[in-house]
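Read-outs throughout are calculated quantities, based only on the coordinates presented, and are distinct from any laboratory measurement. All values reported here derive from a predicted model rather than from experimental measurement. FYI the Cβ positions are ideal-geometry reconstructions off the backbone, even for glycines, and counts take in every protein chain you see.
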Amino acid sequence: MKLLTTLFFLTFTMVNTAFAQIQLKEKLSKKANQEIDKFLFGNKNKNQSDDTNTNTDDEVLDTYEPSDSSDPLGGYRRESVNYGTMSPSEVVGFRDLINFLPDELGDYRIAEKPEGSTTRYGEYRYSFGSKSYSKGDEELKASIFDYAQTASLLGLYANQYEHESTDGVMRSIEVNGNPGWYSANYDSNETNLALVVNGRFLITISGNGLEEATLKRYTAGMDLDQLPEAPPAPEEED
């Protein structure tokens, strides 16, 4: 009887632990999806509810703080990135992600202080950095997002996907062997290119009226090959 009770307790504990892990992964996927949506499609409507704002498991570990508020760039000066410090098992810190993005994209020049943060969600982390550029009255924005599940979340869009309507077009593309997609909104004239690099990084460039070839050239000019690989998938037990 004592043995049966012990086995029941162990089984109950294992089931509850597994269920908790599944819940955590589902919450993380939801949060990551929301962050990716924000990168691709802008901030949500302020009236739209977002229950993740009250989740105590979500903690911003660090954010970019300008050193000079009177400087349009906040005192930011780009530094070289030490790719050797980028571990496959850890997300890249937002400062390195910011520095990974160039200060110039074609004729566009960095125009504002960068943005970035590193966030912990339970046992998982994700990180992002972004820069805004301008050329006269024209604006451009580039972002990079590091999250181990990026490929699985965005696999549909980066794998032979194409859709066109009276509103716009979205189709799969490839840059230096990295899958992604290009989209254009016919009403707003906004164009966007996104790439999934090494199964973990999402790089996006957004502007107005920019051709697909131009956006491809901007991303191809980045040191994509230097970004660390995704950590190996855990081996399944027999």
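Maximal additional length on extending the Asp103-His163 stretch stands at 18.3 nm, based on 0.36 nm per residue less the C-alpha distance.
Sequence-distant contacts, meaning Cα pairs under 8 Å at least 6 residues apart, place the relative contact order of the stretch 57-226 at 17 percent.
Taking amide H positions as modeled 1.01 Å from N, with prolines and chain starts lacking one, no residue 5 or more places away or on another chain lies under 5 Å from Leu105.
The label-point distance for Glu138 and Arg217, in a model that sets each label 7 Å from Cα toward Cβ, rounds to 1.0 nm.
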